Structure formats: C-alpha cells, structure tokens
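Nothing in this text is a laboratory measurement; each read-out follows from the coordinates by a stated rule. Owing to the predicted nature of the structure, the values given are computational and were not obtained by experimental measurement. No Cβ is skipped: glycine too gets one built from the backbone with ideal geometry, and neighbour counts run over all protein chains shown.
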Amino acid sequence: MATEEARARLRSLLPGEPRWLHQVHGARVVDADRLASVEKADAAVARTPGTVCVVKIADCMPVLLADEAASVVGAAHAGWRGLAGGVLEATVDAMGAPPSELYAWLGPAIGPQVYEVGEDVRAAIGEPVSAFRATRTGHWLLDLYAVARAKLEAKGVRRIYGGGYCTYTERERFFSYRRDRGQSRMAAAIWLT
C-alpha cells in the first residue's frame, strides 16, 4: 500500500487530522493543538479533544501517554537517540500533569533478543546497565523497553504497560526498518475524546 493511500485510510479512522511530525531522533516536543504544519520534533502533546498526536515507527518505540483525568495526551518516538536525549522526560514535562497520574503504553519496537548496538549507543544511553547484554567485544543487545521503563519510572510514572513485541522478528505483524531496509512505517496515535 502506498504511503498516501495508507495515510488516507488512517485518517478515515480518526476523529481529526493527524498531527504528523518530521521526526529527527531528538527530544523536541510540540503542542499538537497549535501545530499548523509539519515540524521537526519527536513528540507531541494535546489537550483538545479530537487533536490526534501521531508518531511513525518501524523499529523505534512509540510511547503513548495519558493522564487519569483525561485532560492531556502525548505521543513520543523513542529510539535509542531519543531515549538518550531525553524525549520521554521532555514529553512528561510538556504534558504538565503530575507523573504519578500518567499512564504510559510502550508500543512495538525492535526487541532485546536482536537489537545489537555498539559502544557509542551504550555510552549515550548509560543506565540502566541491565538493559544491555554483552554479545561480543564492544557489542551488546539493547532492551529499549527496559530503558524506557527506567526513564519513565525515574520521572515518577508508575503505570507503564505494553512492551514485549519485536518488530524485527514478528514479520507478519510489524514493519521493521532494519529487516525491511526502511521501506515502510507504522503509526501510533492517541487523542482525547
């Protein structure tokens, strides 16, 4: 399915126009309620019902957040660079709700059984050390889910769900940037009703 056809199909299922981002593997968060055009950012928050926050993913993790009062939602594109740069912390801060009142969902990402990274990634992410498992000299398998959970918990978010999928190995369910050579993306969306 072509990108425009897929986007049109997605739009038909949503209450409003998705607020697409030009994702750059950073930590910038935008206010989707005020987003007039595509901006360089890796997360968005919204407080207006029907404003759709959306992120594209293919091995990086989508993290969707909502507060228990249903007054704000957020969507973050969290690959290793975004996690190292603080995209989750910035999204929690931008939401403005007490972290203890947030729910977080970790969507499909490349899994810890196949996501091999080098010293540069390990140095950039640092903690938690338990998210890394040595494979050979200078290489580790990285658990993005463990990193995201640790970062959210450090911010005070306690209700964290999801994780456990692998975009790379679950070919019949997900696109994978590494496996498919960057051919396709999935979208994760959240909005208030």
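Structural remarks
- Projecting the Cα atoms of Thr169, Ala189, Ser12 onto the charge dipole of the chain (Cβ charges, centred on the Cα centre) puts Thr169 farthest toward the positive pole.
- For the chain, the spread of Cα coordinates along the three principal axes comes to 49, 41, 25 Å, biggest extent given first.
- Calculated on alpha-carbon atoms, Rg and Dmax of the stretch 35-138 in Å: 15.3, 50
- Residue-wise HN-Hα coupling along the stretch 63-73, computed from phi with Karplus coefficients 6.51, -1.76, 1.60 (Hz; x: Gly, Pro): 10, 9, 10, 8, 8, 5, 7, 6, 10, 7, 10
- Distance between the stretch 109-139 and the stretch 35-74 - C-alpha centres, whole angstrom: 27
- Given charges at Cβ of Lys, Arg, Asp, Glu: the stretch 3-190 dipole, positive-most of Leu88, Pro98, Gln113: Gln113
- Relative to the Cα centre, the charge distribution of the chain, modelled as +1 at Lys and Arg Cβ and -1 at Asp and Glu Cβ, gives a dipole magnitude of about 340 debye.
- Working note: Karplus 6.51/-1.76/1.60 with θ = phi - 60° gives the stretch 99-113 the couplings x, 5, 9, 9, 10, 10, 10, 9, x, x, 8, 4, x, x, 7 Hz, where Gly and Pro are set to x.
- Nonlocal amide H pairs with Arg158, under 5 Å, H built at 1.01 Å: Leu102
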